[in-house]
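Undergrad: Handing you a structure now.
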Amino acid sequence: MISSRKNGLSGILAAGVAVVALAFGIVPGMAQKGDPVRVRGTVASIEGSTLVVHSREGADVSIHLADDWGAIGVVKASMSDIKPGVFVGAASLPQSDTSLRAIEVLVFPEALRGSGEGHYPWDLKPSSTMTNATVGNAVDGVDGRTVTLSYKGGEQKITIPADAPIVTFTEAAKTDIKAGAPVFVPTQRQADGTMTAGRVVVGKDGIVPPM
(Lines give C-alpha, C1' and ligand atoms only; values in the text may rest on other atoms or scores of the structure.)
Protein backbone atom coordinates (compact mmCIF):
# COMPACT_ATOMS: atom_id res chain seq x y z
CA MET A 1 0.00 0.00 0.00
CA ILE A 2 2.81 2.40 0.89
CA SER A 3 4.92 1.65 -2.19
CA SER A 4 2.02 2.41 -4.51
CA ARG A 5 2.05 6.03 -3.36
CA LYS A 6 5.80 6.59 -3.54
CA ASN A 7 5.74 8.40 -6.88
CA GLY A 8 3.10 10.78 -5.62
CA LEU A 9 5.41 11.95 -2.84
CA SER A 10 8.06 13.41 -5.13
CA GLY A 11 6.89 16.98 -4.55
CA ILE A 12 6.91 16.53 -0.79
CA LEU A 13 10.42 15.12 -0.72
CA ALA A 14 11.99 17.60 -3.11
CA ALA A 15 13.14 19.82 -0.24
CA GLY A 16 14.82 16.92 1.55
CA VAL A 17 14.10 14.71 4.56
CA ALA A 18 15.45 17.15 7.17
CA VAL A 19 13.22 19.97 5.96
CA VAL A 20 10.10 17.81 6.03
CA ALA A 21 10.92 16.56 9.53
CA LEU A 22 11.47 20.10 10.80
CA ALA A 23 8.25 21.27 9.16
CA PHE A 24 6.32 18.72 11.20
CA GLY A 25 7.95 19.89 14.41
CA ILE A 26 9.04 16.37 15.29
CA VAL A 27 12.79 16.85 15.56
CA PRO A 28 13.70 17.53 19.18
CA GLY A 29 16.73 19.74 19.72
CA MET A 30 16.69 21.38 16.28
CA ALA A 31 16.66 25.17 16.21
CA GLN A 32 13.42 26.76 15.08
CA LYS A 33 12.33 30.39 14.73
CA GLY A 34 9.93 30.57 17.66
CA ASP A 35 8.34 28.13 20.06
CA PRO A 36 6.68 25.11 18.39
CA VAL A 37 2.89 24.96 18.69
CA ARG A 38 0.89 22.19 17.01
CA VAL A 39 -2.58 23.24 15.91
CA ARG A 40 -5.23 20.60 15.26
CA GLY A 41 -8.70 21.27 13.93
CA THR A 42 -10.59 22.24 10.78
CA VAL A 43 -10.02 25.11 8.38
CA ALA A 44 -12.33 28.03 9.15
CA SER A 45 -10.96 30.19 6.33
CA ILE A 46 -7.91 30.89 4.20
CA GLU A 47 -7.35 34.25 2.60
CA GLY A 48 -4.00 35.05 1.04
CA SER A 49 -1.31 34.11 3.55
CA THR A 50 -3.69 33.93 6.52
CA LEU A 51 -5.05 30.55 7.58
CA VAL A 52 -7.66 30.42 10.34
CA VAL A 53 -8.13 27.04 12.02
CA HIS A 54 -11.04 26.22 14.31
CA SER A 55 -8.98 24.27 16.83
CA ARG A 56 -10.02 21.15 18.71
CA GLU A 57 -10.03 23.30 21.86
CA GLY A 58 -12.80 25.42 20.33
CA ALA A 59 -10.90 28.63 19.59
CA ASP A 60 -10.14 30.05 16.15
CA VAL A 61 -6.37 30.24 15.61
CA SER A 62 -4.91 32.62 13.02
CA ILE A 63 -1.74 31.39 11.32
CA HIS A 64 0.53 33.31 8.95
CA LEU A 65 1.68 31.05 6.10
CA ALA A 66 5.19 31.43 4.68
CA ASP A 67 5.54 32.60 1.09
CA ASP A 68 6.68 29.09 0.06
CA TRP A 69 4.19 27.15 2.18
CA GLY A 70 3.04 23.75 1.03
CA ALA A 71 0.41 21.11 1.74
CA ILE A 72 1.00 17.47 2.63
CA GLY A 73 -1.77 14.89 2.62
CA VAL A 74 -2.56 12.13 5.09
CA VAL A 75 -4.44 9.01 3.98
CA LYS A 76 -5.40 5.72 5.53
CA ALA A 77 -2.83 2.92 5.86
CA SER A 78 -3.33 -0.50 7.45
CA MET A 79 -2.00 -2.76 10.18
CA SER A 80 -0.35 -4.90 7.50
CA ASP A 81 1.90 -1.93 6.62
CA ILE A 82 3.42 -2.07 10.12
CA LYS A 83 6.01 -4.80 9.69
CA PRO A 84 9.68 -5.41 10.54
CA GLY A 85 12.04 -2.92 8.93
CA VAL A 86 9.43 -0.18 8.39
CA PHE A 87 9.97 3.24 9.98
CA VAL A 88 6.93 4.50 11.88
CA GLY A 89 5.83 7.18 14.31
CA ALA A 90 3.57 6.02 17.12
CA ALA A 91 1.82 8.33 19.57
CA SER A 92 1.15 6.34 22.74
CA LEU A 93 -0.20 6.50 26.26
CA PRO A 94 1.37 4.76 29.29
CA GLN A 95 -0.62 1.92 30.82
CA SER A 96 -0.86 0.92 34.48
CA ASP A 97 1.78 -1.78 33.95
CA THR A 98 4.21 0.80 32.41
CA SER A 99 3.65 -0.58 28.90
CA LEU A 100 2.68 1.71 26.03
CA ARG A 101 -0.52 1.59 23.99
CA ALA A 102 -0.67 3.40 20.65
CA ILE A 103 -3.38 5.96 19.97
CA GLU A 104 -2.24 6.49 16.37
CA VAL A 105 0.51 5.31 14.02
CA LEU A 106 2.08 7.11 11.07
CA VAL A 107 3.83 4.86 8.54
CA PHE A 108 6.65 6.87 6.97
CA PRO A 109 7.51 6.48 3.28
CA GLU A 110 10.98 4.99 2.92
CA ALA A 111 12.44 8.32 1.75
CA LEU A 112 11.52 9.84 5.12
CA ARG A 113 13.20 7.13 7.21
CA GLY A 114 14.84 8.68 10.27
CA SER A 115 12.57 11.73 10.52
CA GLY A 116 12.32 12.84 14.14
CA GLU A 117 13.87 9.58 15.35
CA GLY A 118 13.58 8.97 19.07
CA HIS A 119 11.14 8.79 21.97
CA TYR A 120 9.87 12.05 23.49
CA PRO A 121 6.80 13.83 24.94
CA TRP A 122 3.95 14.60 22.56
CA ASP A 123 0.89 16.80 23.02
CA LEU A 124 -1.82 14.74 21.35
CA LYS A 125 -3.22 13.83 24.78
CA PRO A 126 -2.05 14.38 28.36
CA SER A 127 0.97 12.15 29.14
CA SER A 128 1.26 11.01 25.53
CA THR A 129 4.61 10.31 23.90
CA MET A 130 5.86 9.97 20.34
CA THR A 131 8.17 7.19 19.22
CA ASN A 132 9.67 7.51 15.75
CA ALA A 133 11.59 4.33 15.14
CA THR A 134 12.09 1.16 13.10
CA VAL A 135 9.85 -1.84 13.69
CA GLY A 136 12.05 -4.66 15.01
CA ASN A 137 9.43 -7.33 15.36
CA ALA A 138 5.66 -7.53 15.31
CA VAL A 139 3.46 -10.05 17.08
CA ASP A 140 -0.28 -10.27 16.45
CA GLY A 141 -2.56 -10.71 19.42
CA VAL A 142 -6.22 -10.70 20.31
CA ASP A 143 -6.26 -6.91 20.72
CA GLY A 144 -4.10 -5.94 17.74
CA ARG A 145 -0.35 -6.01 17.19
CA THR A 146 2.55 -5.57 19.61
CA VAL A 147 5.70 -4.13 18.09
CA THR A 148 9.21 -3.40 19.29
CA LEU A 149 10.35 -0.03 17.99
CA SER A 150 14.11 0.56 17.92
CA TYR A 151 15.77 3.97 17.66
CA LYS A 152 19.21 5.36 18.37
CA GLY A 153 19.75 4.94 22.09
CA GLY A 154 16.81 2.74 22.95
CA GLU A 155 13.66 0.84 22.12
CA GLN A 156 10.02 0.73 23.16
CA LYS A 157 7.46 -2.07 23.11
CA ILE A 158 4.09 -0.71 22.02
CA THR A 159 0.73 -2.40 21.59
CA ILE A 160 -1.26 -1.13 18.61
CA PRO A 161 -4.96 -1.83 19.15
CA ALA A 162 -7.05 -2.87 16.18
CA ASP A 163 -9.02 0.40 16.28
CA ALA A 164 -5.99 2.74 16.35
CA PRO A 165 -5.85 5.13 13.35
CA ILE A 166 -3.03 4.15 10.97
CA VAL A 167 -2.04 6.65 8.28
CA THR A 168 0.69 7.59 5.83
CA PHE A 169 1.67 10.64 3.79
CA THR A 170 0.55 11.43 0.25
CA GLU A 171 0.67 14.41 -2.06
CA ALA A 172 -1.70 17.33 -1.59
CA ALA A 173 -2.32 20.68 -3.24
CA LYS A 174 -2.81 24.10 -1.69
CA THR A 175 -6.36 23.98 -3.00
CA ASP A 176 -7.01 21.08 -0.58
CA ILE A 177 -6.67 23.59 2.25
CA LYS A 178 -10.23 24.92 2.26
CA ALA A 179 -13.04 25.57 4.69
CA GLY A 180 -14.01 22.45 6.60
CA ALA A 181 -10.84 20.49 5.77
CA PRO A 182 -9.33 18.64 8.77
CA VAL A 183 -5.75 19.82 9.35
CA PHE A 184 -2.70 19.47 11.55
CA VAL A 185 -0.46 22.54 11.44
CA PRO A 186 2.99 22.64 13.06
CA THR A 187 3.51 26.32 13.81
CA GLN A 188 6.06 28.51 15.55
CA ARG A 189 4.86 31.14 17.99
CA GLN A 190 6.79 34.36 17.49
CA ALA A 191 7.83 36.85 20.18
CA ASP A 192 4.81 39.04 19.37
CA GLY A 193 2.42 36.11 19.85
CA THR A 194 1.68 35.50 16.18
CA MET A 195 1.95 32.00 14.70
CA THR A 196 3.73 31.13 11.47
CA ALA A 197 3.83 27.89 9.45
CA GLY A 198 5.47 26.52 6.35
CA ARG A 199 3.48 23.30 5.99
CA VAL A 200 -0.16 22.31 6.43
CA VAL A 201 -1.03 18.65 6.86
CA VAL A 202 -4.50 17.89 5.51
CA GLY A 203 -6.61 14.76 5.83
CA LYS A 204 -7.82 13.26 2.58
CA ASP A 205 -10.49 10.69 1.68
CA GLY A 206 -12.32 11.31 4.94
CA ILE A 207 -9.26 10.96 7.17
CA VAL A 208 -8.63 13.34 10.05
CA PRO A 209 -4.87 13.77 10.71
CA PRO A 210 -4.51 11.79 13.96
CA MET A 211 -1.01 12.89 14.96
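The values are calculated or read from the model by the stated rules, or taken from the named source; none is laboratory data. All figures in this text were calculated on a predicted structure; none of them were measured in a lab. For neighbour counting, all protein chains shown are included, and Cβ atoms are generated from backbone atoms with ideal geometry for every residue, glycine included. Just the protein is used for accessible areas: all its heavy atoms, side chains included, with ligands, DNA and RNA removed. Shrake-Rupley method; radii C 1.70, N 1.55, O 1.52, S 1.80 Å.
Undergrad: For the structure I just gave you, tell me whether residue 115 is open to solvent by less than 40 Å² (accessible area, probe 1.4 Å), free of Cβ contacts under 8 Å to residues at least 60 places away in the same chain and small (Gly, Ala, Ser).
TA: For residue 115, the condition - open to solvent by less than 40 Å² (accessible area, probe 1.4 Å), free of Cβ contacts under 8 Å to residues at least 60 places away in the same chain and small (Gly, Ala, Ser) - is not met.
Undergrad: For region 159-182, indicate whether the set of residues that are in a loop (DSSP other than H, G, I, E, B) and basic (Lys, Arg) is non-empty.
TA: Checking region 159-182: at least one residue is in a loop (DSSP other than H, G, I, E, B) and basic (Lys, Arg).
Undergrad: For region 120-139, indicate whether the set of residues that are in a strand (DSSP E or B), hydrophobic (A, V, I, L, M, F, W, C) and surrounded by fewer than 13 Cβ atoms within 10 Å (Cβ to Cβ) is non-empty.
TA: Checked against the condition, which is being in a strand (DSSP E or B), hydrophobic (A, V, I, L, M, F, W, C) and surrounded by fewer than 13 Cβ atoms within 10 Å (Cβ to Cβ), region 120-139 yields at least one hit.
Rundown of residues vs (1) open to solvent by 20 Å² or more (accessible area, probe 1.4 Å); (2) on the phi < 0 side of the Ramachandran plot; (3) not in a helix (DSSP H, G or I), yes/no style:
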site	(1), (2), (3)
74	no, yes, yes
88	no, yes, yes
98	yes, no, yes
101	yes, yes, yes
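Undergrad: Please identify the pairs in which a residue from region 55-72 that is open to solvent by 50 Å² or more (accessible area, probe 1.4 Å) has its Cβ atom under 7 Å from the Cβ atom of a residue that is in a loop (DSSP other than H, G, I, E, B), counting only partners at least 6 apart or on another chain.
TA: Once the first residue is open to solvent by 50 Å² or more (accessible area, probe 1.4 Å) and sits in region 55-72, its partners that are in a loop (DSSP other than H, G, I, E, B) give 64/49; 64/194.
Undergrad: Looking at 88, 20, which one is of a type in the set (Val, Ile, Thr) and at pLDDT below 95?
TA: So the residue among 88, 20 that is of a type in the set (Val, Ile, Thr) and at pLDDT below 95 is 20.
Undergrad: Okay, next question. Kindly indicate whether any position in region 76-83 is under 24 Å from residue 208 (Cβ atoms), at pLDDT 95 or above, open to solvent by less than 70 Å² (accessible area, probe 1.4 Å) and part of a strand (DSSP E or B).
TA: Looking for residues that are under 24 Å from residue 208 (Cβ atoms), at pLDDT 95 or above, open to solvent by less than 70 Å² (accessible area, probe 1.4 Å) and part of a strand (DSSP E or B), one finds none in region 76-83, hence no.
Undergrad: Need pairs with beta-carbon distance below 7 Å; first residue under 18 Å from residue 118 (Cβ atoms) and within region 83-98, second acidic (Asp, Glu); sequence gap 6+ or separate chains.
TA: Pairs that qualify, where the first residue is under 18 Å from residue 118 (Cβ atoms) and the partner is acidic (Asp, Glu), are 91/104.
Undergrad: A further question follows. I'd like the full set of residues that are at pLDDT 95 or above and more than 18 Å from residue 57 (Cα to Cα), limited to region 175-195.
TA: 175, 176, 177, 178
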